[in-house]
Amino acid sequence: TVDRMQLEDGKSCGPGGDLPGIEVPEDHFVAGVNDTDVILYISLAFTNAVAPAQEVKSVDFSDPNFNFTGMEIRKTCSGDYLAASAFCSTDQNDRPTAALMHLCIGEDFFYPANVEKNVMLVMHELGHALGFNAISLAHFRRWDGTPLTERDTTGAIPLTEINCTGPEGQLQTATVPLPSEEILQFRTVRNGVRVAEVVTPAVRQAARNHFDCQELPGAELESGEFLPLSINSSVISCIGDHWERRLFKNDLMNPIVDENLMFDPRFSTITLAYFADSGWYQVDLSRASLAAGWGRAAGCAF
């Protein structure tokens with residue numbers, strides 16, 4: 001079942017702000033959905049401010065001759081993102097159990113030349129929906145179900161004011177549910193850039209093995225050094241929601257799905273390690289993607 005009390009407005013799955021939510025069917029609160037680990041609600045909008053006047057279900061976007069001629073004009077997809085996602089309900093162990101995925105659809109979304117990129121785009125958003133984000137880190141569990149981050153008497157994670165990640169001179173402060181040092185640690189690299197690294201056991205070993213550097217504390221998250229951290233109308237991301245692009249540019253969970261990513265509908269070992277270390281999932285390493293060439297066995301100097 002979906003927990004109504006966890007929803008932003010008590011009825012819609014979505015984070016609020018600029019990202020449109022989807023109203024949850026009443027029976028999902030009461031009866032739930034059988035034999036289901038995660039409920040994913042899909043929201044569609046249109047990148048060129050054009051929406052069909054008729055029901056979306058009656059439009060065949062996979063038709064290469066399809067166009068929007070004669071359709072109602074209204075703005076339905078703002079911003080420069082192609083997709084976004086957020087979970088809205090979790091179970092008793094904080095595992096995401098319901099999530100929203102919002103897709104911006106253009107005329108060329110299903111064109112053959114774009115299908116592979118968009119498959120990876122959707123997979124990237126699925127990663128976020130399953131818990132690849134800064135908020136989830138503080139909710140990681142040990143295998144016996146006990147929290148890795150200390151809770152208060154109500155079971156909530158205390159909020160802590162911290163310096164956010166980023167280049168020296170540009171650091172902001174924010175009050176966040178701070179993950180324990182068993183999960184996340186901060187350090188300064190590259191002439192003054194403050195970064196956060198996931199230091200959980202499987203992630204640390206996967207990063208060390210990939211770069212052939214057994215001194216690595218963990219795997220670095222994005223810090224806003226070159227790309228701004230994800231922002232919506234009410235929250236500035238203080239700890240990154242992706243791997244650092246300069247180190248993991250071939251990873252599906254780097255900040256941008258673009259031509260740097262060869263088509264591979266599988267997650268990397270380091271991203272699978274993240275999910276394994278969450279305490280919520282078992283992973284099948286035989287389904288991992290091939291090791292990325294970028295930085296492979298490049299040593300600590302890299």
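The values are calculated or read from the model by the stated rules, or taken from the named source; none is laboratory data. Just so we're clear, the structure is a prediction, and the values are computed from it rather than from any experiment. Quick reminder, even Gly has a Cβ in these numbers, built from the backbone with ideal geometry, and neighbours come from all protein chains shown. Calculation scope for accessible area: heavy atoms of the full protein, side chains included, ligands and nucleic acids excluded. Shrake-Rupley method; radii C 1.70, N 1.55, O 1.52, S 1.80 Å.
Listed values, structure above:
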item	result
Residue-by-residue Karplus 3J(HN,Hα) for the range 259-266, coefficients 6.51, -1.76, 1.60, Hz, glycine and proline x	5, 5, 8, 6, 4, 7, x, 9
Calculated FRET efficiency for the pair Phe110/Thr160, C-beta based, R₀ 35 Å, to 0.05	0.20
Label-point gap, in nm, between Thr153 and Leu290 - each point 7 angstrom along Cα→Cβ	5.8
Sequence of Asp108, Asp251 when ordered by accessible area, the most exposed leading, probe 1.4 angstrom	Asp108, Asp251
C-alpha center-to-center spacing [the range 154-217, the range 84-123] in angstrom	26
Surface share of carbon and sulfur [accessible, 1.4 angstrom probe, percent] for the range 163-226	42
Order of exposure, largest accessible area first, which applies to Trp143, Trp294 with probe 1.4 Å	Trp143, Trp294
Sorted largest first, extent of the chain alpha carbons per principal axis (Å)	60, 45, 43
Accessible area of His124 in the full protein assembly, 1.4 Å probe (Å², nearest 10)	10
Mean separation of Cα contacts under 8 Å (6+ apart) over length of the chain, as relative contact order %	14
Area accessible to solvent at Phe110, 1.4 Å probe radius, in Å²	90
Theoretical gain in end-to-end length, Asp9 to Gln172 [0.36 nm per residue, Cα-Cα removed]	55.8 nm
Low-density loop cleavage sites - GluC sites (Glu not before Pro) in the range 168-261, where at most 15 other Cβ are within 10 Å (DSSP)	Glu168, Glu181, Glu182, Glu215, Glu259
Area accessible to solvent at Ile135, 1.4 Å probe radius, in Å²	90
Assigned charges on the beta-carbon of Lys, Arg, Asp, Glu; the chain dipole about Cα centre (debye)	580
